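Right, one structure below, let's go through it.
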Amino acid sequence: MSVETLRAKIREIPDFPKPGILFYDITTLLKDPAAYHEAIELMLEPYRDTKVDVVVGMESRGFIFSAPMAFQLGAGLVPVRKLGKLPAETLSIEYALEYGSNTLEIHRDAIQPGQKVLVVDDLLATGGTVQGTVELVERLKGDIVGLAFLVELDFLHGRDRLDGRRVSSVIRY
């Protein structure tokens, strides 16, 4: 299955969640078993020969991809969640959104110093959420080996905020 075939499976919804925003709805891709499988395979491809100890999935759609990727890589899975969702002691970071701010948390014992970490989410837009996640991983002294996304919105220049890190995306708009 080609990247263009996958792109065609993503539904575009204008003016969601607010006027002027074009929302890329991946649920139409996810419900197609072959497309979902291919998306995961293509997200994994750049990292198959990279040592990965832990895959960090970002709330919430990042979990859809991070869990099967961690399984296939033989790695652990660590969720990064919104404020108040994790039960044990956490580290948190507040980050800016286009229309406000949000707070992310990770368990303090989720990553050991020196562990090789792959950060996964469904979409790279402005880069604020992933930048916050990167900071949390680095505060735990994890070694980020890559940032993997299904979709990247090039026109929002999120990659530019990621300090020359290894970024991979399957579908780019």
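The values are calculated or read from the model by the stated rules, or taken from the named source; none is laboratory data. If you're wondering where the values come from, they're calculated on a predicted model, not measured in any experiment. Note: ideal-geometry Cβ built from the backbone for every residue, glycine included; neighbour counts use all protein chains shown.
Some notes on this structure:
- Residue match in segment 133-141 (condition: surrounded by fewer than 21 Cβ atoms within 10 Å (Cβ to Cβ) and polar (S, T, N, Q)): no
- Condition met for Ala125 (small (Gly, Ala, Ser), surrounded by 13 or more Cβ atoms within 10 Å (Cβ to Cβ) and in contact with a Ser or Thr (Cβ under 7 Å, 6 or more places away or on another chain)): no
- Being part of a loop (DSSP other than H, G, I, E, B), closer than 22 Å to Arg159 by Cα and in contact with a strand residue (DSSP E or B) (Cβ under 9 Å, 6 or more places away or on another chain) is true of Thr126.
- Scanning segment 151-166 for residues that are surrounded by 17 or more Cβ atoms within 10 Å (Cβ to Cβ) and in a loop (DSSP other than H, G, I, E, B) yields a single hit, Leu153.
- Selection count, segment 74-107, where residues are farther than 21 Å from Lys141 by Cα, in contact (Cβ under 8 Å) with a residue 24 or more places away in the chain and either among the small types (Gly, Ala, Ser) or buried (at least 19 other Cβ atoms within 10 Å of the Cβ) (or both): 1
- Count of residues meeting criterion [more than 12 Å from Leu91 (Cα to Cα) and in a helix (DSSP H, G or I)] in segment 129-141: 4
- Val52 crowded, with 19+ Cβ neighbours inside 10 Å, within 12 Å of the chain's Cα centre (by Cα) and β-branched (Val, Ile, Thr): no
- Once segment 1-39 is narrowed to residues that are of a type in the set (Asp, Glu) and more than 15 Å from Val151 (Cβ to Cβ), the residue that is surrounded by the most Cβ atoms within 10 Å (Cβ to Cβ) is Asp32.
- The one condition in (1) out of contact with any Pro (no Cβ under 7 Å at 6 or more places or on another chain); (2) touching a residue at least 12 places away in the same chain (Cβ under 8 Å) that Ser168 fails to fulfil: (1)
- Residue match in segment 105-118 (condition: modelled with pLDDT of 95 or more and either within 29 Å of Gly20 (Cβ to Cβ) or acidic (Asp, Glu) (or both)): yes
- Unique residue being of a type outside the set (Lys, Arg) and in contact (Cβ under 8 Å) with a residue 24 or more places away in the chain when the list is Pro46, Pro33, Pro19, Pro14: Pro46
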